[in-house]
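The values are calculated or read from the model by the stated rules, or taken from the named source; none is laboratory data. All figures in this text were calculated on a predicted structure; none of them were measured in a lab. Don't worry about glycine lacking a Cβ; one is built from the backbone with ideal geometry, like all the others, and counts go over all protein chains shown. We work out accessible area using only protein heavy atoms, side chains counted, and drop any ligands, DNA or RNA first. Shrake-Rupley method; radii C 1.70, N 1.55, O 1.52, S 1.80 Å.
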Number of protein chains: 2
Amino acid sequence: MKCEVINVGTELLLGQNINTNARDIGIILAEEGIDCFIQTTVGDNLNRLVSALRTASKRADAIVLTGGLGSTDDDLTRDAVAAFAGTALVQDDALRRAIAERIVDFEPEATEKTMRQALLPDGAVPIPPVKGTAAGFILTCDGVLIAATPGVPAEMRQMLESAIIPAMRDMAGEPAAFIISRRVKTYGLREIEVERRVQDIIDAQSNPTIAPLIGKGCVELRVSAKAPSRDKAEKLIDGTVTELEDRLGPHIFGYDNEDMEDVVGSMLDKRGLTVSLGESLTGGLIASRLIKRPGSSAYVLGGVVAYGNAAKRGLLSVAPHSILNHGAVSPQVAEEMALGARKAFAADIGLSTTGIAGPDGGTPDKPVGLVYVALSSADALLCEKTFFHGDRNEIRFKASQYALNMLRTHLNGFNEDDNRRA
Amino acid sequence: MKCEVINVGTELLLGQNINTNARDIGIILAEEGIDCFIQTTVGDNLNRLVSALRTASKRADAIVLTGGLGSTDDDLTRDAVAAFAGTALVQDDALRRAIAERIVDFEPEATEKTMRQALLPDGAVPIPPVKGTAAGFILTCDGVLIAATPGVPAEMRQMLESAIIPAMRDMAGEPAAFIISRRVKTYGLREIEVERRVQDIIDAQSNPTIAPLIGKGCVELRVSAKAPSRDKAEKLIDGTVTELEDRLGPHIFGYDNEDMEDVVGSMLDKRGLTVSLGESLTGGLIASRLIKRPGSSAYVLGGVVAYGNAAKRGLLSVAPHSILNHGAVSPQVAEEMALGARKAFAADIGLSTTGIAGPDGGTPDKPVGLVYVALSSADALLCEKTFFHGDRNEIRFKASQYALNMLRTHLNGFNEDDNRRA
């Protein structure tokens, strides 16, 4: 089955919204084994919408439209599908009642404008509204399945998965092939070095394919397999991922949507260890990232954002002469901050950062991007000097990622020398 | 001038990347007064690419292609444009030299694969590589301007602005109309209330148009004007924004890309006031947001992430009996945390949060989403009880936004009663 997607909305063409639906539909169709070769974005214009439907219907077995199903005059998807199919818009009474019931949550009363949402192209099967008052619908026209959903991402996804994909299945049966992807996330090696280590695996095979890409604070390898069943695709991926794990070892910190803070949080949780933070340039970012994870109160005791020197001295017990002799951005101060954070919260591990995020404050000796990260535990005191490129908040994020990885490495007992780069 | 955009890349169709280029090009074209009625996404397939070029060339005066200009076998944009134009690919010697010079930054030596990037459709004018080794190009074919840029967003933007837009200007002259937008950001009123207050302004005019939308932690009004010059469009917007300001008053906290932390940071900076944080459920998020802004060390003295009760007592001097009698999530503890944060850092203002982010830890009395926010200054101690829906990190973000707005309101001397809702 070949499917095309038409995203409807002048706001998309003007760049006022980012089209996350295009991505989400792409993922869902690929995982369902439905080919999608073309996506089109069209504005709120009846003629252009009808024309886009004509063009797509010549190439595809199914068309998914998103957006243009609201109650304003700009919402023209219903009208365009009816015009394309050569049918009238008719009122769906059940839908009208459902909208009347729901509208009280949003507006004092249902207007005739709202009730435009109860109109459907003649012969279309409604998909009830998910949350608001916008229904979707499915119409088959000259053998082409045409499905329309609201543009709201959560409503689109639910209608696609609950109604539209099953309708496509009814029409076309099980697909010939599924495409599944897994992302393998590494830290500590540059992209070119990751590629070098696995180039022969990449070159040797075409299914799964392996594509390196730069993620946020990591280098990823995307492994994609195509197979007649989901299970077979997963197995192909498992085999390749095992090979990648052999080559990249502990540089791999997670998979798919796992972030560094999830992995570190899970490790702390399992081992019953607690952590506390002493943050200067990262300024609460490490604490906030760790606390994202549900249940983090079990292992994050707290932190001090010691942005000024007085706070470094008063709350983290950094010795005044350390700041005086070495400066706030120095290995001595980083170490004392880690130790101070650990003691202030009586945690198992203290983790600290101090550095120059910029754009001002850099000197020839201590340029913008210089960061010290330190870790204190009952039996270790580590400090690493590192350097990051980028703007203020890129440097802050990279420093937080580096610090979390230092904690991961410490928990792993892994300390390979080349695990030092962003 | 009518322009179409073709985004090239199977990864876009599979949903492996989000298409930020579609948005960025949309914004730039609209601001340049160039109409864009259709955007198409096509995979790395020669026939489909050529076919998309044929279709677009029948409707548009100009076509911008993004992606497919790298050195791998999947990069087919050059080939597709040559096939569409009926010309051969020829090597550009100057480009070859430029690539050879640049490649040393990325790879040990230039391979023949890399040098595919020096090939251009015969007659095309190269756009030199921005950062890497991928050049763009412009070719005019039967009166249609065809421009290609790499898919890397920064490279695409630079080529579009420096070379492609000027080439479109040369071809079509100054545009008939520019579309400019401004976003007016409000906090403290629900979307429906914002709409109610300005509905008559929305209804009374079609230029500028006013569209309400829900932003991250705020309700926005997007004001878009179309006019023969940028200046005239800006003036139309100025007039409408003044009317909106009359209606929404201090609920408006910023414009366009200004976030709450930028606005609050700028207010603190101008008034020479300092702030410190005592954060429980937000866990460093408020500190980290404030520290995003360059120069924030002038007014953010620091903060304590007091996630555990021991930290609340030890570092923020919360009285043990307050926690015992009222619980950690209580107005008493919030107030003591704000006071403790202010004193610990000797700041002018202390700001605190305590609440239940979930998913666990809620009780009938203190459900997930309950948050107390407190502010302490030399002459004030304020505490507000509030409640947020959403998942753990939505609740945490909303609490940070509420707290920053409380600080803004305090600095404004504004304390209207209905400024209490997210």
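Of all residues in the stretch B:126-140, those satisfying the criterion of being within 15 Å of B:Ile63 (Cα to Cα) and open to solvent by 20 Å² or more (accessible area, probe 1.4 Å) are B:Ile138, B:Thr140. Residue count for the stretch A:49-59, restricted to those that are without any contact (Cβ under 8 Å) to a residue 40 or more places away in the chain and farther than 16 Å from B:Ala52 by Cβ: 1. From the list A:Thr66, A:Thr72, the lone residue that is in contact with a strand residue (DSSP E or B) (Cβ under 6 Å, 6 or more places away or on another chain) and among the polar types (S, T, N, Q) is A:Thr66. Of everything in the stretch B:305-328 that is under 36 Å from the mean Cα position of the chain (by Cα) and of a type in the set (Gly, Ala, Ser), the residue that is farthest from the other protein chains (Cβ to nearest Cβ) is B:Ala328. Within the stretch B:17-43, if we keep just the residues that are facing chain A (nearest Cβ under 8 Å) and among the charged types (D, E, K, R), the residue that is least open to solvent (accessible area, probe 1.4 Å) turns out to be B:Asp24.
Within the stretch A:296-327, the residues that satisfy the criterion of being buried (at least 22 other Cβ atoms within 10 Å of the Cβ) and under 23 Å from B:Val275 (Cα atoms) are A:Leu301, A:Gly302, A:Gly303, A:Val304, A:Val305, A:Ala306, A:Tyr307, A:Ala311, A:Lys312, A:Leu315, A:Leu316, A:Val318.
Kindly indicate the residue of the stretch A:67-84 that is over 21 Å from A:Gly123 (Cβ atoms) and polar (S, T, N, Q) and also most open to solvent (accessible area, probe 1.4 Å) among those meeting that condition. Taking the candidates together, the pick is A:Thr72. Would a scan of the stretch A:256-264 turn up a residue that is outside any strand (DSSP E or B), touching a helix residue (DSSP H, G or I) at 6+ places or on another chain (Cβ under 8 Å), surrounded by 15 or more Cβ atoms within 10 Å (Cβ to Cβ) and within 14 Å of chain B (Cβ to nearest Cβ)? Checking the stretch A:256-264: at least one residue is outside any strand (DSSP E or B), touching a helix residue (DSSP H, G or I) at 6+ places or on another chain (Cβ under 8 Å), surrounded by 15 or more Cβ atoms within 10 Å (Cβ to Cβ) and within 14 Å of chain B (Cβ to nearest Cβ). Reported count of residues in the stretch A:1-16, each being more than 14 Å from B:Asn21 (Cβ to Cβ) and within 7 Å of chain B (Cβ to nearest Cβ), is 2.
I'd like to check something: does the stretch B:166-183 contain any residue that is under 20 Å from B:Arg230 (Cα atoms), surrounded by 13 or more Cβ atoms within 10 Å (Cβ to Cβ) and among the β-branched types (Val, Ile, Thr)? The answer is yes, given that some residue of the stretch B:166-183 is under 20 Å from B:Arg230 (Cα atoms), surrounded by 13 or more Cβ atoms within 10 Å (Cβ to Cβ) and among the β-branched types (Val, Ile, Thr). Reported count of residues in the stretch A:184-218, each being in a strand (DSSP E or B) and either open to solvent by 30 Å² or more (accessible area, probe 1.4 Å) or of a type outside the set (D, E, K, R) (or both), is 10. All conditions but one from (1) within 12 Å of chain A (Cβ to nearest Cβ); (2) in contact with a helix residue (DSSP H, G or I) (Cβ under 6 Å, 6 or more places away or on another chain) apply to B:Ser206; the one that does not is (2).
The number of residues in the stretch A:25-44 that are in contact with a Leu (Cβ under 8 Å, 6 or more places away or on another chain) and touching a residue at least 60 places away in the same chain (Cβ under 8 Å) comes to 3.
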